[in-house]
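Inspection log for the structure reproduced underneath, given as structure tokens.
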Amino acid sequence: MEHNISLSNAPFLKYLGVAIISLLAPIKAILITTSLLILADTITGIIAAYKRGEEINSTGFKKTIIKLFLYNLVIILAFLIEKFIFDEFIPFVKIGAMVIALTEFKSVIENFESITGIQLVQIKKIIEDKTNHQQQEEKK
């Protein structure tokens, strides 16, 4: 008697997928947030490169895909270590996600400054000046 086992029909793959999704559900928001930060960095980086007249090629996109995969892998591994080895004693996920988020956000800010030519410190001053001007107008 011959058995043909096709992986596409195997119910264990379905159950494995559900188990993995269930396991990672607590960090879904963190994975989405870091992925969105990477996307924002990529978009602003492309715009900044275009403005500087730099060539935009597939190498940059390849780096983005690798970064997306590796950053999310780091968060997943940090979650597994935190949950199953350190019994949530050390917040590896928060620490790892914070480092990744700050790195990507800093890059987005640098790209924004490159695109607009405006330093974000100047934006704070412009907002303060505008607010002060409006307050003075209201007093008149």
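The values are calculated or read from the model by the stated rules, or taken from the named source; none is laboratory data. Because the structure is predicted, anything quoted here is derived from the model rather than measured. Using ideal geometry, Cβ is built from the backbone for each residue, glycine included, and neighbour counts are taken over all protein chains shown. Ligands, DNA and RNA are stripped out before the accessible areas are found, and what is left, the full protein with its side chains, is counted by its heavy atoms. Shrake-Rupley method; radii C 1.70, N 1.55, O 1.52, S 1.80 Å.
Values computed for the structure shown
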| read-out | value |
| --- | --- |
| Close pairs (9 angstrom Cβ cut-off, 6 or more residues apart or separate chains): over 18 Å from E82 (Cα atoms) in segment 11-39, in a helix (DSSP H, G or I) and open to solvent by 80 Å² or more (accessible area, probe 1.4 Å) anywhere | L13/L7; L37/F105 |
| Counted residues, segment 93-126 - those being more than 15 Å from D41 (Cα to Cα) and crowded, with 17+ Cβ neighbours inside 10 Å | 3 |
| Search result, residues across segment 115-140 that are within 23 Å of the chain's Cα centre (by Cα) and either within 20 Å of L36 (Cα to Cα) or outside any helix (DSSP H, G or I) (or both) | I115, Q119 |
| Top-ranked residue in segment 43-60 [being farther than 17 Å from G117 by Cα and outside any helix (DSSP H, G or I); ranked as farthest from the chain's Cα centre (by Cα)] | E55 |
| Tabulated pairs, segment 80-108, first modelled with pLDDT of 90 or more, second in a loop (DSSP other than H, G, I, E, B) and open to solvent by 80 Å² or more (accessible area, probe 1.4 Å), C-beta under 7 angstrom, 6+ apart or interchain | E82/E88 |
| Matching residues in segment 3-37 - criterion: being modelled with pLDDT under 90, assigned to a helix (DSSP H, G or I) and open to solvent by less than 50 Å² (accessible area, probe 1.4 Å) | G17 |
| All positions within segment 51-66 that are out of contact with any helix residue (DSSP H, G or I) (no Cβ under 6 Å at 6 or more places or on another chain) and within 30 Å of A29 (Cβ to Cβ) | G60, F61, K62, K63, I65, I66 |
| Residue list for segment 40-72, filter: of a type in the set (V, I, T) and either touching a residue at least 40 places away in the same chain (Cβ under 8 Å) or open to solvent by less than 80 Å² (accessible area, probe 1.4 Å) (or both) | T42, T44, I46, I47, I56, T59, T64 |
